[in-house]
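What follows is calculated from the coordinates using simple rules that are stated; it is not laboratory data. Model, not experiment: these values are computed from the prediction. Here the Cβ is made from the backbone with ideal geometry for all residues, glycine too, and neighbour counts use every protein chain on show.
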Amino acid sequence: MVNLSDNSDFYFTIANNCSAEIKIKGSRFIGQVFPISSRDNAEEILALVRKEHYNATHNCFAYSLGLDGNTFRYSDDGEPSGTAGKPIFQAINSFDYKDILVIVTRYFGGTKLGVGPLARAYAESAKTALELTEKKIIYLTKTFKITCDYNFIAILKHTFENYSINLKEEYEEKVCFIIDVLESQADKFEKLIVEKTNDKVEILPFNR
């Protein structure tokens, strides 16, 4: 079984889009959650949501990208400073999600909420939508291609058990394994394969 004790080897995102609506003092808050792959991807989705909700009072949002979470952006979209984008961003962080965009669209219902209640409304809307998502784990891996004779299959598969995140097997004149291992374990894995087979198999980095 692969050891996932090192938090730098993986992070969590979402597997699906979700939306949820809440109403507070006549205002509608529509929270929408999207998995994203880049800033451009986030901006494209934002543009589509703004077009869909062109007559909304506000389309506030936050997104976070990458393992370290250093790539992010949030916007109050005209709401009082700190009452929308930041609470949405804090909601994302409370779920420990990356590569995610949350948009909360508000249709004003005629009653002003005040700074504190407004921030809580945006946070609640974001969290309500986030709770509907399906969590997905993203592994940070390195891929190897291992080519060998048939007599090495058993020892290689035994070694794979403690390292393999994903494995593809091809059997022709020789056996070919395409294996993904965690980045933090890649050097150790490569050395172990050489040691276990007396350097009689070919192991090379592989780009999928």
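Quick notes on this one:
- Projected label distance in nm at residue 138 and residue 48, using a 7 Å step from Cα toward the beta-carbon: 1.8
- D_trans [Stokes-Einstein, Kirkwood Rh over alpha-carbon pairs] for the chain, 10 °C, 1.306 mPa s, µm² s⁻¹: 81
- Taking only Cα atoms of region 1-77, radius of gyration then Dmax in Å: 15.8, 52
- Taking 20 Å as the straight-line reach from the Cα of residue 135, the lysines in range (excluding those fewer than 8 positions away in the same chain) are 98, 127.
- Each residue of region 13-29 was assigned a 3J(HN,Hα) from its phi angle through the Karplus expression (A = 6.51, B = -1.76, C = 1.60, θ = phi - 60°), giving 9, 10, 9, 8, 6, 9, 8, 8, 10, 10, 10, 9, 6, x, 7, 9, 10 Hz with x at Gly and Pro.
- Amide H contacts under 5 Å for residue 109: 27, 28, restricted to partners 5 or more places along the chain or on a different chain, H placed in the peptide plane at 1.01 Å from N.
- Shape call, region 47-116: gyration tensor on alpha carbons, a/c limit 1.5: oblate
- For GluC sites (Glu not before Pro), the sites in region 74-138 that DSSP calls loop and that have at most 10 other Cβ atoms within 10 Å are 134.
- Cα-based reach from residue 200 at 23 Å (exclusive), listing lysines while leaving out same-chain residues under 8 positions away: 142, 145, 157, 168, 174, 188, 191
- In region 140-205 the Cα-Cα distances spread across 5 Å bins starting at 0 as 4, 18, 34, 29, 12, 3, 0 percent of all pairs.
- Each helix, a run of at least 4 DSSP H residues, gives -39500 (n - 2.57); summed and divided by the residues of the chain, these come to -9000 deg cm²/dmol at 222 nm.
- Between residue 192 and residue 16, the simple spin-label model (points 7 angstrom out along Cα→Cβ) gives 3.6 nm.
- Applied to region 63-77, the Karplus parametrisation 6.51 cos²θ - 1.76 cosθ + 1.60 on θ = phi - 60° returns per-residue 3J(HN,Hα) values of 9, 9, 10, x, 4, 7, x, 7, 9, 8, 7, 9, 9, 8, 6 Hz, with x for Gly and Pro.
- Amide H within-cut-off set for residue 73, under 5 Å, with H built and near neighbours excluded: 63
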